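Visitor: I have a structure I would like to understand better, so I am pasting it below and will then ask my questions one at a time.
Just so it is clear, none of the values below were taken in a lab; they were calculated from the coordinates. Because the structure is predicted, anything quoted here is derived from the model rather than measured. Because the Cβ atoms are built from the backbone with ideal geometry, glycine has one as well, and the counts that use them run over all protein chains shown.
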């Protein structure tokens, strides 16, 4: 495997772990908030907003890992009844569509991120934060998804689709 492929796999794996750790930390923080609120000690008023951001970011950062591991939800009732060649053809079509959709998503996320930076767009809730980092996560994850779909297509080609 080339250095680029190894680096990509390492990055995707690290992002998958980071998303899992972020969700675990969020679960502990929410539990802590509930406990201290019920004890009358106080609460974390910003936690709901932070949990929205963490879930958003974790979802996008984990997506390439989920795709690589083939861990996404799928309905394979139709596929199991098809001959191998037809199954591979449908898999190739699905990967091409996924790659096309993620390419479009990445392109638009990059444009919106650039526009958000230029305009200085902010999110005003409990916390006031710039909007562009969240949009950049979409662009970054979208680019990784494009690579993952291309890798899946190459793997199908090597298997003789």
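Visitor: Could you work out the pair-distance distribution P(r) of the stretch 3-159 from its alpha-carbon pairs, with 10 angstrom bin width and percents rounded to whole numbers?
Guide: 10, 28, 29, 20, 10, 3, 0
Visitor: On a C-alpha basis, how far is the centre of the stretch 54-101 from the centre of the stretch 32-52 in Å? Whole number, if you could?
Guide: 37
Visitor: Taking the beta-carbon count within 10 Å as an exposure proxy, list 158, 152, 114 from fewest neighbours to most.
Guide: In increasing order of surrounding Cβ atoms, one gets 158, 114, 152.
Visitor: For residue 5 and residue 50 in the same chain, what is the full-extension length gain: residue separation times 0.36 nm, less their Cα-Cα distance, in nm?
Guide: Roughly 12.9 nm would be gained on extension.
Visitor: Ignoring everything except DSSP H segments at least 4 long, calculate the 222 nm mean residue ellipticity for the chain; use -39,500 (n - 2.57) per segment, divide by total residues, nearest 500.
Guide: My calculation for the chain gives -28000 deg cm²/dmol from helical runs alone.
Visitor: Oh, and also: With each label point set 7 Å from Cα along the Cα-Cβ vector, what nm distance links residue 128 and residue 156?
Guide: 4.9
Visitor: Here's something else I'd like to know. Tell me, in nm to one decimal, what length is gained between residue 76 and residue 36 on full extension, where the rule is 0.36 nm per residue of separation less the Cα-Cα distance?
Guide: Once the chain is fully extended between residue 76 and residue 36, it gains 9.8 nm.
Visitor: Further question on the same structure: So for the stretch 3-159, averaging the separation of alpha carbon pairs under 8 Å that are six or more residues apart and normalising by length, what relative contact order in percent results?
Guide: Relative CO of the stretch 3-159 lands at 27 percent.
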